[in-house]
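Have a look at the structure below before the remarks.
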Amino acid sequence: MSSPATSPRLTGRTVLVTRTRERAAGIVDLLHRERARVIVVPLIATVPTADPEAVAEAADRLRAAPEPRWAVFTSATAVRIVLGAAGAERLRSCRIAAVGPETAAALEREQVRADLVVAGDHTAAALGAALAQRGVVGATVWLPCAEGAAAVLPRTLREAGADVSLMHIYRSAMPHDAPERLDTALAERIDAIALTSGSTARHLVQALRGSPLPAAVAVACIGPQTAREASAAGLPVHVTAATHTAAGLVDALAGLLGVAQPLP
C-alpha cells in the first residue's frame, strides 16, 4: 500500500470497479487516494439461498459438536450472511478460519476473531492446505459458501480426516441493468477494469454481449484464481495482484498504469 507521503500513482487514470460501492469500499477508497477516477458498475449481486433459520441451526449443530470444531469462511459475503443470520455468539466456542485478511476483517467487524488466516495465497486451495497442515483429523468443519464454489477445499479437508458439512448459502447473479451501465462506462475513456472474483469476470463477458473489450482497456485481477477464470472466459489479463487484497490490486494497477505505456 502506498504511503500518504508518496505522490499519487494513478492521477489521470480511470478505473472501472465491478462491485457496488458498499462492497468495494476498500478498493474505491484506495484508488481515490491514488487520485484515480473511479467508475462503479456492479457486475455482481449476492442472492442468499439459505433460510436464515437453517443457517442458525447449522451454527448450533457446529457448536454442539465435539472439539475440535471449525467454521471456515472463504469470503466476506459468507461472513455477512452467517453472522447476520446466526449472530457472533454462536461461533464463540468454535475455531474460525478465514481465506485472507479481508475476510478476517469482515469477521473482526462483528467482534469475531479468526484463529487461522491464510498468508500470501488467499485462495480456497491454500486455506485447505493450511488447515490440513494445522491438523483436522476428527474435526467437525462447517463450510458455508457460495453455490458453485470450488470443490478443492472440502475435498482437501475430508482427505485430511475432517468431517465436513458443506452449506451453500448464496449465489452470485448479474444485475439486470449491468449491460447498459457497462456500455455507458465504456463509451468514456477507461484505462482498466478491476476484477475481484471469477463471478465478476464471467459477468463482464455476459454484459459485453459478444463484443470485445476496447483494446486500450487493461484487465486487472485480484489473484490467480480470478485471473484463471477471466482467461477461461476469454478476457485478456494484463496484471494480477501479487498480494490478493484490495491494496494489492491497486498496487498492481499502479504498476501497470502509473507510467504511460502501451498495453502488452
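The values are calculated or read from the model by the stated rules, or taken from the named source; none is laboratory data. The model shown is predicted, which means the values in this text are computed figures rather than measured ones. A quick note on method: Cβ atoms are made from the backbone with ideal geometry, for glycine too, and the neighbour counts reach across all protein chains shown.
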Of all the residues that make up the stretch 160-184, how many are small (Gly, Ala, Ser) and surrounded by fewer than 18 Cβ atoms within 10 Å (Cβ to Cβ)?
-> 3
Do you know which residues across the stretch 35-70 are part of a strand (DSSP E or B) and in contact with a Cys (Cβ under 7 Å, 6 or more places away or on another chain)?
-> ARG69, TRP70
Do we have SER172 as of a type in the set (Ser, Thr, Tyr) and out of contact with any helix residue (DSSP H, G or I) (no Cβ under 6 Å at 6 or more places or on another chain) here?
-> no
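So that you can scan it fast, the table gives a plain yes or no per residue for (1) at pLDDT 95 or above; (2) farther than 24 Å from THR20 by Cβ; (3) small (Gly, Ala, Ser):
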position: ARG189; (1), (2), (3): no, no, no
position: LEU195; (1), (2), (3): yes, no, no
position: ALA230; (1), (2), (3): yes, no, yes
position: VAL259; (1), (2), (3): no, yes, no
The residue that is surrounded by the most Cβ atoms within 10 Å (Cβ to Cβ), considering only those in the stretch 114-146 that are out of contact with any helix residue (DSSP H, G or I) (no Cβ under 7 Å at 6 or more places or on another chain) and farther than 24 Å from LEU249 by Cβ, is ALA139
Among the residues of the stretch 119-167, the number that are within 26 Å of THR46 (Cα to Cα) and charged (D, E, K, R) is 3
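Does the stretch 36-61 hold any residues that are of a type outside the set (Val, Ile, Thr) and crowded, with 20+ Cβ neighbours inside 10 Å, and which are they?
ALA36, PRO42, LEU43, ALA58, ALA59
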Scanning the stretch 231-243 residue by residue, those surrounded by 21 or more Cβ atoms within 10 Å (Cβ to Cβ) and in contact with a Pro (Cβ under 8 Å, 6 or more places away or on another chain) turn out to be THR240
